[in-house]
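Structure first, then comments.
The values are calculated or read from the model by the stated rules, or taken from the named source; none is laboratory data. It should be emphasised that the depicted structure is a prediction, and the values quoted were computed from it without experimental measurement. Cβ atoms come from the backbone with ideal geometry, glycine included; neighbour counts cover every protein chain shown.
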Amino acid sequence: MKNEDLYQYILGIADNSLILGQRLGELCGHGPTLETDIALTNIALDLFGQTRSYYQYAAKLAGGVKTEDDVAMLREEREYRNVLLVEQPNTDFAFVIVRQYLFDEFHLLLMQELQNSKDEMLAAIAKKGIKEVSYHRRFSGDWVKRLGDGTAESNERMQQAVDDLWRYTDELFHLTKADREMIGQGIGVDVSQLRDTYYNTVTELLQEATLTVPEQEYFQKGGKEGIHSEHMGYLLTELQYMQRSYPNMNW
Amino acid sequence: MKKDWPLWEVFVRSKNGLEHRHFGSLHAADAEMALENARDVYTRRNEGVSIWVVESKYITASNPADNGELFEPAQDKIYRHPTFYDLPDEVKHM
């Protein structure tokens, strides 16, 4: 493919939204309350909407034989480019909220930069998504504060989630080969430059939520290169089931 | 968890220039959550431009048992209704 790097770069952004959306979708009908159930499903739908725009663009780059569904549903595990953070399971509501917040804060920074991309399509998708992502961050950030600074039990569960998920944050700022190529062409965002802003903002909010910021130096990585955690296979099995069982099916 | 959350009434202004209208109610632990829940439950398809939330306990409602004395005045005082005026056609919504 002529634009292989751009194609991979798009997947690197789109797959995060797809996989996180899938995780949130698992909670549809199982949220802790009716209101939070609807809120989480709304966020999932926002993410799917964004990811469709990316996949339509990617499918076009792939030369017209592929459709957005092919790109989304018919890849092997190793071909997904999402970060490890978004594929982590819905262990409990604290994990759902912390995972969401840690991603939203990054997602917003990324979209803010991506709207200046030289690639008009990516810039337009980013611009359109910023309002949604701002709301996601507001929702998840408020819940982090509410539960972190809530009861003894909610604080303990939130701290557990922060301690467990923190190790996946560093990967958000790693650069792949496609990233470097696209940064060079003025299309991609140099996410490594977002690291300080990210950790400062997240630290401030966690402290406001009376949570302790972990001081670990070991971080997990691999998702961006296609090396996923043990949870990914199960997630994909469910995600891909319909397209695998009934190829080319439509609503 | 939910049983501890108070009930809130949600009012949404659909368009600038219109008044807020009662849309429904929901549960939330605090005002900020009530606002976000209202956004997610009632306005996610472009239904509104402004939301008010108020805890239901702060609304004082009339008692249906009092409907007779409150809302059913004798019908024979026709002079209480401004029906003796000719309205120009230009006056709308009367």
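Numbers for the structure displayed
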read-out: Test: A:Q216 is surrounded by fewer than 14 Cβ atoms within 10 Å (Cβ to Cβ), more than 20 Å from the chain's Cα centre (by Cα) and not in a loop (DSSP other than H, G, I, E, B); value: no
read-out: Selected residue [assigned to a helix (DSSP H, G or I), charged (D, E, K, R) and within 14 Å of another protein chain (Cβ to nearest Cβ)] from A:R167, A:R146; value: A:R146
read-out: Test result for A:G141, over 16 Å from the mean Cα position of the chain (by Cα), modelled with pLDDT of 95 or more and on the phi < 0 side of the Ramachandran plot; value: no
read-out: Top-ranked residue of the range B:2-49 - restricted to ones that are basic (K, R) and either assigned to a loop (DSSP other than H, G, I, E, B) or within 18 Å of A:D142 (Cα to Cα) (or both), ranked as farthest from the other protein chains (Cβ to nearest Cβ); value: B:K15
read-out: Complete set of residues in the range A:155-177 that are in contact with a Leu (Cβ under 8 Å, 6 or more places away or on another chain) and of a type in the set (S, T, N, Q); value: A:N155, A:Q159, A:T169
read-out: Failed criterion for A:T210 (all others in (1) at positive phi; (2) touching a Phe, Trp or Tyr at 6+ places or on another chain (Cβ under 6 Å); (3) β-branched (V, I, T) hold); value: (2)
read-out: Single match in A:T203, A:T197, A:T176 (criterion: free of Cβ contacts under 8 Å to residues at least 60 places away in the same chain and among the β-branched types (V, I, T)); value: A:T203
read-out: All positions within the range A:178-236 that are polar (S, T, N, Q) and farther than 29 Å from A:E77 by Cα; value: A:T197, A:N200, A:T201, A:T203, A:Q207, A:T210, A:T212
read-out: Among residues of the range A:195-210, those that are assigned to a helix (DSSP H, G or I) and touching an Asp or Glu at 6+ places or on another chain (Cβ under 7 Å), counted; value: 3
read-out: Residue within the range A:195-204 that is closer than 20 Å to A:Q115 by Cα and either surrounded by 17 or more Cβ atoms within 10 Å (Cβ to Cβ) or aliphatic (A, V, I, L, M) (or both) present; value: yes
read-out: Residues located in the range A:220-251, provided they are over 18 Å from A:E68 (Cα atoms) and surrounded by 15 or more Cβ atoms within 10 Å (Cβ to Cβ); value: A:Q220, A:K221, A:G223, A:K224, A:G226, A:H228, A:S229, A:M232, A:L235
read-out: Which numbered condition B:V54 fails, given (1) assigned to a strand (DSSP E or B); (2) within 14 Å of chain A (Cβ to nearest Cβ); value: (2)
read-out: Residue satisfying all of: in the range A:12-67; of a type in the set (D, E, K, R) and part of a helix (DSSP H, G or I); nearest to the other protein chains (Cβ to nearest Cβ) among these; value: A:E35
